[in-house]
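This report concerns only the one structure given below.
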Amino acid sequence: MNKPNWKANKERSTPFALHLICWLALNISRGFARFWLYPITLYFFITSSIVRSASKNYLKRLNLPGDHGYPQVLKHIYYFSSVILDRVYFITGKTEQFNIKIYNEKLVADYSRENLGFILLGSHVGGFDILQHLTLKYGQAKIVMDVSHNSMITDILYNLNPVMVNDIIDANGDNLLLKIKESLDESRFVAILADRSTNNQKIVNCSLLGDEISIAKLPFTIAHVLKKPVIVFFGIYKGGNEYEIHFKKLRDSFDGDRASRKVDVEADARLYVKYVQEMIKAYPFNWFNFYDYWGDE
């Protein structure tokens, strides 16, 4: 069983570097900013043994054709760097330069049309801020996130759009369940990253790429307590200016009683992980958990 240690990963950039890349992206061009992704990728490859090891161990699990060595690791880090850069454009609403295909949008459209608040479960597969592409249609999501982790880049990026800052729910704050309920009762949708856990959380054991992992039970329990529909979301980067948004239904019926809740919550968690596995097998370089996720070390 892996011991979740993602919080131990420290930020490896500086405010100046992050402000500079944001300025280049917004004031010169995406193409010019993307040129700097090559030295950035090389920097992280050279200086972070944790990133290299995590990427290599993950890619081995996929059994990709060809060499599983450093060229694929470099590509993996480059995809991650590209998605981080593009967060600048999604957060500021400058999405016209992207070609974005949406799959199963009807799920979101139906819940929104019926004024049903719903929970959107994301992951560290692809980009999360691509959700801003849908803001004009469905409104601004409430986002549950750990604001203390990677606080420097979070502050810089989200301060580009103060509206988003106001719609963040601190995962470590007081009255988390109440704040989520209030947002759902207002027919909002609440987005939660659900593929990690911390040592003080109740967990569900699942299987991913042939080995056991643990994910937090809380996001799935919240849905059952509040009896709100759940959709799983993936924002997949395909290279260049190509993205895909995938929505998958997890649950919209809560007929069970309290006695069956534990079984249902665990079933939902395992279905969520099944969706994650399907997506990373289809889009292998979109896995952005750069730490010892399976406890290989």
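Between Ile213 and Cys206, Ser207, Leu208, the built amide H atoms are under 5 Å apart, and every one of these is 5 or more places off in sequence or on another chain. Extension gain for the segment Asp211 to Ile168, taken as residue separation times 0.36 nm less the Cα-Cα distance, is 12.2 nm to one decimal. Between Lys249 and Leu136, the contour length at 0.36 nm per residue exceeds the Cα-Cα span by 38.5 nm. Label positions at Leu42 and Ala259, each projected 7 Å from the Cα along the C-beta direction, are separated by 6.5 nm. Spin-label model, Leu176 to Val225: label points 7 Å out along the Cα-to-beta-carbon direction sit 0.9 nm apart.
In the set [x] 54, 45, 36; [y] 57, 53, 31; [z] 54, 41, 34, the label that goes with Cα extents along the principal axes in Å computed for this structure is [z]. Residue by residue, segment 119-128 carries 3J(HN,Hα) couplings of 9, 10, 9, x, 7, 8, 10, x, x, 8 Hz when phi is fed to the Karplus relation 6.51 cos²θ - 1.76 cosθ + 1.60 (θ = phi - 60°); x denotes Gly or Pro. When the helix-only estimate is applied to the chain (DSSP H runs of n ≥ 4, each -39,500 (n - 2.57), divided by the residue count), what is the mean residue ellipticity at 222 nm, nearest 500 deg cm²/dmol? Value at 222 nm, helices only: -14000 deg cm²/dmol. Computed over the Cα atoms of segment 240-297, the ratio of the radius of gyration to the Kirkwood radius (Rg/Rh) comes to 1.09.
Computed from the coordinates by the stated procedures, all read-outs in this text should not be read as laboratory data. Source: prediction; values computed, not measured. Because the Cβ atoms are built from the backbone with ideal geometry, glycine has one as well, and the counts that use them run over all protein chains shown.
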